[in-house]
Amino acid sequence: MYDFTGYDRVLSAPWFIERFQNRYVDRKRLRQVGLMWNSFLPQYELRCLPTGEIAQLGISRDEKLFFYSERIRTLYAASFGSVVDYVGQLEPWEDIDAYLFNGTMDWVVAVTHEDVILCLGI
């Protein structure tokens with residue numbers, strides 16, 4: 001498995017994730033279903049794409065962003081290219097539920113264990 005641990009962990013992760021949830025997540029539904037991407041607020045239009053299309057989203061490989069792995073509850077600062085490489089090398093048995101967003105949180109890409117990505121604002 002591709003080692004993503006070499007990237008910078010964000011020490012203020014709870015603050016970032018709290019801000020993310022305040023903006024995008026129905027907390028009552030989250031308590032019921034357990035995953036943020038399955039609890040996005042209904043006012044957001046989701047675009048669903050196969051995971052393999054993540055590199056074609058029009059984001060520069062060099063763009064700095066945040067990558068939050070919900071399963072291990074870890075927030076990383078990374079480049080889009082490193083995330084694309086990481087997602088591309090995942091084996092079929094490796095489940096992932098993760099989120100990509102920039103510092104303004106104007107857009108979100110959720111990478112799900114169902115082999116799809118959910119795009120908001122992008």
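The values are calculated or read from the model by the stated rules, or taken from the named source; none is laboratory data. Bear in mind the structure is a predicted one, so any value in this text is a computation, not a measurement. Please note: Cβ atoms are built from the backbone with ideal geometry, for glycine as well, and neighbour counts cover all protein chains shown. Keep in mind that these areas ignore ligands, DNA and RNA; they rest on the heavy atoms of the full protein, side chains included. Shrake-Rupley method; radii C 1.70, N 1.55, O 1.52, S 1.80 Å.
Numerical summary
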{"item": "Test for Leu100: is it outside any loop (DSSP other than H, G, I, E, B) and either out of contact with any Asp or Glu (no Cβ under 7 Å at 6 or more places or on another chain) or under 19 Å from Leu35 (Cβ atoms) (or both)", "result": "yes"}
{"item": "Residues of the stretch 74-92 that turn out to be free of Cβ contacts under 8 Å to residues at least 60 places away in the same chain and among the charged types (D, E, K, R), as a count", "result": "0"}
{"item": "Criterion: within 13 Å of the chain's Cα centre (by Cα) and at pLDDT 95 or above - qualifying residue of Ile17, Ile54", "result": "Ile54"}
{"item": "Residues located in the stretch 72-97, provided they are under 11 Å from the mean Cα position of the chain (by Cα), assigned to a loop (DSSP other than H, G, I, E, B) and not β-branched (Val, Ile, Thr)", "result": "Asp97"}
{"item": "Residue in the stretch 103-122 that is surrounded by the fewest Cβ atoms within 10 Å (Cβ to Cβ), counting only those that are among the β-branched types (Val, Ile, Thr) and part of a strand (DSSP E or B)", "result": "Val116"}
{"item": "Residues of the stretch 22-63 satisfying the condition of being open to solvent by 50 Å² or more (accessible area, probe 1.4 Å), in contact (Cβ under 8 Å) with a residue 40 or more places away in the chain and either assigned to a loop (DSSP other than H, G, I, E, B) or acidic (Asp, Glu) (or both)", "result": "Tyr44, Glu45, Leu46, Glu53, Gly58"}
